[in-house]
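Accompanying notes for the structure given below.
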Amino acid sequence: MSGSLINHVFLQILTGLQLGAIYVLIALGLTLIFGTLGVVNFAHGALFMLGAYFAVIIAGKFGFLTAIIAVPFLLFIIGIIMERGLIRFFYNRPHTDQILVTFGLAIVVQETLKWIFGANNIPFPLPRWGGGILKLHEWLPFLEGFVAYPKWRMILIFVSLVTVAALFALLQFTRFGLIVRAGMRDSEMLRFLGINITRRFAIVFGLGAMIAGIAGAFGGPVTQVDPEVGMAFLVPSFLVVVIGGMGSLPGAVLAGFMLGMAISFSAQYSAIQQIIIYLVAVIVLLVRPRGLLGQKGVMEE
């Protein structure tokens with residue numbers, strides 16, 4: 001394989017990881033909420049959009065480091081308020097009801113932001129420490145010539161991987177995670193044992209919203225900040241959840257990076273790139289109707 005081809009393939013892989021990183025961060029919160037609470041949250045794209053708006057506003061006034069801390073916390077609080085004020089009343093309702101009410105909420109948030117900030121894109125400048133490029137050829141000996149990649153996109157990949165690792169560690173190695181995983185299997189039994197699973201489920205919804213806030217804060221400079229961005233990423237992110245398997249966190253991560261790779265490697269074929277995520281969904285679901293890592297009985301009632 002020639003040096004130029006190796007460089008091209010490597011950059012395509014990096015681009016696929018970067019695209020997948022945004023899908024993974026959004027889909028991770030979606031599938032966490034569904035897997036734990038059984039709620040199909042079509043307002044999750046609006047939470048991502050709120051994270052981007054909060055980040056650009058806070059970063060402009062107080063600096064990006066403050067935004068990194070404040071935005072996830074704000075989205076966590078919004079998530080808990082949303083769960084206590086609305087979502088909990090739809091736990092035992094059909095998924096169609098959940099979709100309708102959360103989609104309606106997303107439209108309300110979108111139109112409210114459009115009314116406040118207008119319909120145009122808000123510039124989101126990169127912080128000084130995140131701008132510029134990384135000279136990859138200086139670090140990786142198998143690359144030839146001058147090979148560079150935007151520093152911020154590498155940071156986005158890193159943040160996505162750290163978030164995934166932190167969430168899995170929380171669910172696998174803490175008492176809170178043990179109770180949540182048990183609640184995913186049989187919440188009534190935990191209530192009989194005197195465990196307040198309702199409060200923990202509210203925290204889980206807040207965590208899902210917080211991950212959407214992280215996606216908005218770090219993904220906003222790469223995508224754009226406007227009232228349409230939430231809806232633009234909702235459908236692909238929901239496809240990530242379906243392809244990975246409803247309620248499967250590892251499946252969402254695998255599917256997110258898979259779609260990112262598919263979009264990246266189809267970039268030179270513009271007609272295919274517009275439909276590639278749907279082609280991948282059709283192929284995967286034909287072979288594995290429950291998704292890559294889906295479990296029997298999930299959304300089959």
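Would you call Ala209 surrounded by 17 or more Cβ atoms within 10 Å (Cβ to Cβ) and at pLDDT 90 or above? Yes; evaluated as a whole, the condition is true for this residue.
Considering the stretch 84-110, and only residues there that are hydroxyl-bearing (Ser, Thr, Tyr) and surrounded by 13 or more Cβ atoms within 10 Å (Cβ to Cβ), the residue that is nearest to Arg200 (Cα to Cα) turns out to be Tyr91.
Ala106 meets each of the listed conditions (1) within 27 Å of Ile57 (Cα to Cα); (2) out of contact with any Phe, Trp or Tyr (no Cβ under 8 Å at 6 or more places or on another chain); (3) not β-branched (Val, Ile, Thr) apart from (2).
Every test in (1) farther than 23 Å from Ala46 by Cα; (2) free of Cβ contacts under 8 Å to residues at least 24 places away in the same chain; (3) out of contact with any Phe, Trp or Tyr (no Cβ under 7 Å at 6 or more places or on another chain); (4) of a type in the set (Val, Ile, Thr) is passed by Ile133 save one, and that test is (3). Take the stretch 73-111 and flag every residue that is of a type in the set (Ser, Thr, Tyr) and under 18 Å from Gly213 (Cα atoms). Hit for the stretch 73-111 is Thr102, nothing else.
Among the residues of the stretch 216-234, is there at least one that is of a type in the set (A, V, I, L, M, F, W, C), in contact with a Leu (Cβ under 6 Å, 6 or more places away or on another chain) and part of a helix (DSSP H, G or I)? The answer is yes, given that some residue of the stretch 216-234 is of a type in the set (A, V, I, L, M, F, W, C), in contact with a Leu (Cβ under 6 Å, 6 or more places away or on another chain) and part of a helix (DSSP H, G or I).
Within this structure, Phe10 passes the test of being surrounded by fewer than 22 Cβ atoms within 10 Å (Cβ to Cβ) and among the hydrophobic types (A, V, I, L, M, F, W, C). I want to confirm something. Restricting to the stretch 212-242 and keeping residues that are over 14 Å from the mean Cα position of the chain (by Cα) and surrounded by 18 or more Cβ atoms within 10 Å (Cβ to Cβ), which single residue is farthest from Leu19 (Cα to Cα)? Among them, the one singled out is Pro227. Checking each residue in the stretch 118-153 for being aliphatic (A, V, I, L, M), surrounded by 15 or more Cβ atoms within 10 Å (Cβ to Cβ) and under 16 Å from Ala52 (Cβ atoms) picks out Ile122, Leu126. The selection criterion, being closer than 17 Å to Gly256 by Cβ, among the small types (Gly, Ala, Ser) and in contact (Cβ under 8 Å) with a residue 40 or more places away in the chain, does not hold for Ala55. Test Ala202 against the criterion of being in contact with an Asp or Glu (Cβ under 6 Å, 6 or more places away or on another chain), over 23 Å from Pro221 (Cβ atoms) and either modelled with pLDDT under 90 or not basic (Lys, Arg) (or both), and give yes or no. Answer is yes for this residue. Filtered by the rule that a residue be touching a residue at least 24 places away in the same chain (Cβ under 8 Å), in a helix (DSSP H, G or I) and over 17 Å from the mean Cα position of the chain (by Cα), the stretch 263-292 gives Ser264, Phe265, Tyr278, Val280, Ala281, Val284, Leu285.
Restricting attention to the stretch 90-140, which residues are among the small types (Gly, Ala, Ser) and in a helix (DSSP H, G or I)? Those that are among the small types (Gly, Ala, Ser) and in a helix (DSSP H, G or I): Gly104, Ala106, Gly130. Hey, among Ile81, Ile33, which residue is modelled with pLDDT under 90, at negative phi and either surrounded by 15 or more Cβ atoms within 10 Å (Cβ to Cβ) or among the β-branched types (Val, Ile, Thr) (or both)? Result: Ile33 is the single residue among Ile81, Ile33 that is modelled with pLDDT under 90, at negative phi and either surrounded by 15 or more Cβ atoms within 10 Å (Cβ to Cβ) or among the β-branched types (Val, Ile, Thr) (or both). Once the stretch 1-29 is narrowed to residues that are of a type in the set (Ser, Thr, Tyr) and modelled with pLDDT of 85 or more, the residue that is farthest from Val147 (Cα to Cα) is Tyr23.
The values are calculated or read from the model by the stated rules, or taken from the named source; none is laboratory data. No experiment lies behind these values; they were computed from the predicted model shown. Counting neighbours? That spans all protein chains shown, and the Cβs are built from the backbone with ideal geometry, glycine included.
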